[in-house]
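Here's the structure we're looking at; comments come further down.
The values are calculated or read from the model by the stated rules, or taken from the named source; none is laboratory data. Predicted, not measured: the structure shown is a model, and the values here were computed from it. When we count neighbours, we look across all protein chains shown, and the Cβ atoms used for this are built from the backbone with ideal geometry, even at glycine. These accessible areas exclude ligands, DNA and RNA; they are computed on the full protein's heavy atoms, side chains included. Shrake-Rupley method; radii C 1.70, N 1.55, O 1.52, S 1.80 Å.
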Amino acid sequence: MRVLITGASRGIGKNLAKYYKTKGYEVYGIARDAEKLKEVCDNYYVCDLSNLDEVSIVSKKLSNIKFDLIILNAGISSPHSRDFPPIEAFKKVFDVNLLSIHALLEHIDFKDSKLVFISSLASLLGAPTSLAYSASKRALNSYAESLYFAGIDVVLILPGFIKTDMTKNHNFYMPFLMDLDEATKRIVKMIEKDKFFNPFPLRFYYIIKLFSLLPNNLKRKILKKYVKSDIVE
Ligand SMILES: NC(=O)c1ccc[n+]([C@@H]2O[C@H](COP(=O)([O-])OP(=O)(O)OC[C@H]3O[C@@H](n4cnc5c(N)ncnc54)[C@H](OP(=O)(O)O)[C@@H]3O)[C@@H](O)[C@H]2O)c1
């Protein structure tokens with residue numbers, strides 16, 4: 001059994017790499033930090049996913065390998081800011097969180113693989129302080145859905161807040177913040193279950209769903225009160 005994991009050097013990706021290694025998988029990892037990849041992967045490719053030419057080279061190198069599981073996990077969040085982000089920062093988020101995925105899959109034969117996309121609950125709400133991140137993850141949901149409806153084996157996972165490097169510098173309240181090992185266990189179960197749409201924790205998901213049912217002008221008033229944005233101030 002063979003698994004390819006992007007972002008296998010840290011956080012969720014590293015934990016998943018460790019798990020699949022203990023289950024006897026041959027683990028292929030992609031990230032920028034070679035030393036950290038070496039710790040958990042049998043084979044690894046040092047690649048900056050914001051450089052799509054580099055990603056294409058890796059994709060070609062992997063074109064003759066059949067993977068049982070491909071976990072598209074690597075991602076970056078834009079700094080949670082009230083500002084309207086400069087295009088360079090905005091584009092980098094889309095390159096890493098979305099376009100690199102297509103560039104990576106381009107030369108890989110994934111028709112018989114299970115594709116796992118790590119999106120985010122942030123994709124369900126266009127939060128005023130994470131313009132690029134929310135938009136990139138919502139686009140990812142649509143991308144995953146297209147492949148699913150095309151008949152590919154796809155698992156889309158939408159986590160809430162998890163304790164990793166990504167969240168360690170957040171200086172705002174993170175509801176239902178999860179421990180990394182607990183979140184990894186839940187992600188592994190979701191991958192095994194074969195259901196397409198997997199938001200978690202469910203309590204947080206239902207709150208977001210309820211909020212989404214409110215009229216848009218009321219949602220805007222609430223967000224304006226509780227999430228300050230300099231875009232309009
Ligand atoms: N943590 C959360 O609260 C949370 C919530 C919802 C969704 N998610 C999603 O879960 C996924 C994993 O997040 P995490 O919390 O585990 O983040 P993390 O601890 O910051 O790890 C991110 C991983 O992505 C890799 N990566 C980042 N930029 C890269 C680049 N330019 N090129 C290659 N690799 C790159 C990093 O490797 P190198 O630095 O070695 O390159 C690292 O292995 C992301 O897609 C994230 O959006 C996280």
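A compact table of results
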item: Count - residues of the range 149-187 that are near the ligand (Cβ under 9 Å from one of its atoms), in contact with a strand residue (DSSP E or B) (Cβ under 9 Å, 6 or more places away or on another chain) and of a type in the set (D, E, K, R); result: 1
item: Criterion violated by Lys91 - all others in (1) open to solvent by 40 Å² or more (accessible area, probe 1.4 Å); (2) touching a residue at least 60 places away in the same chain (Cβ under 8 Å) satisfied; result: (2)
item: Cross-chain or 6+ apart pairs with Cβ under 8 Å, the range 48-67 first and more than 14 Å from Ser100 (Cα to Cα) and in contact (Cβ under 8 Å) with a residue 60 or more places away in the chain, then open to solvent by less than 30 Å² (accessible area, probe 1.4 Å) and among the hydroxyl-bearing types (Ser, Thr, Tyr); result: Ile65/Tyr28; Lys66/Ser113; Phe67/Tyr28; Phe67/Ser113
item: Unmet criterion (only one of (1) over 22 Å from Leu62 (Cβ atoms); (2) surrounded by 21 or more Cβ atoms within 10 Å (Cβ to Cβ)) for Asp83; result: (2)
item: Residue check, Ser146 part of a helix (DSSP H, G or I), surrounded by fewer than 17 Cβ atoms within 10 Å (Cβ to Cβ) and either near the ligand (Cβ under 8 Å from one of its atoms) or at pLDDT 95 or above (or both); result: yes
